[in-house]
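Inspection log for the structure reproduced underneath, given as structure tokens.
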Amino acid sequence: MRILSSVEALKTPVFRVENVIARDEDGFEIHRSVVSHQGSAVILPADERGSVLLVRQYRLPARGKLWELAAGRIDPGEKPLAAARRELREETGIRARQWKRLAKMYPTPGYVSELMHLYLATGLTEGEAHPMDDERIETRWFTRKELESWVDAGKFEDAKTLTGLLLYWRELSRG
């Protein structure tokens, strides 16, 4: 695909919307409005017992509070791991000694360019959280049994959390 045109329709501090036209070598064209996003870091903090810390906050697009993995936008010029470390501290107060990348993924590749970088954080020490002014964050540790029952019951509606949990459990099964 070759980009023929890209016109900015909207710019905010978090993302841009561009109207894009692309064409392949056979002349097939795609016309899309694309949300361009800097990318984000997603963190799965796990303790030595295999319990996982989740955050709960009100998500305006979902019109409700969701339990999910801590996550946040990668700032311009920031590396994904640096963003993960910063977001974990800001949202939970936790610092981790060990970090392992579990995946990178596009949550909505049909119209959003956001690339999520998912990390497992271990060797944790607790501290004081410093959420952003527009965030009211609750935290809670969940055992694997609790998380599995919530997954089975369909209580998680957040894709990054479901993906993170499944990849983490696969890590545990590999030893």
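Scanning the stretch 9-32 for any residue that is modelled with pLDDT of 95 or more, surrounded by 11 or more Cβ atoms within 10 Å (Cβ to Cβ) and outside any strand (DSSP E or B) turns up nothing. Counting residues in the stretch 39-60 that are part of a loop (DSSP other than H, G, I, E, B), of a type in the set (S, T, N, Q) and over 30 Å from residue 147 (Cα atoms) gives zero. Restricted to the stretch 77-175, the set of strands (runs of 3 or more DSSP E) holding at least 2 residues that are among the charged types (D, E, K, R) comprises 95-105, 138-142.
The values are calculated or read from the model by the stated rules, or taken from the named source; none is laboratory data. These figures come from a predicted structure and were not determined experimentally. Please note: Cβ atoms are built from the backbone with ideal geometry, for glycine as well, and neighbour counts cover all protein chains shown.
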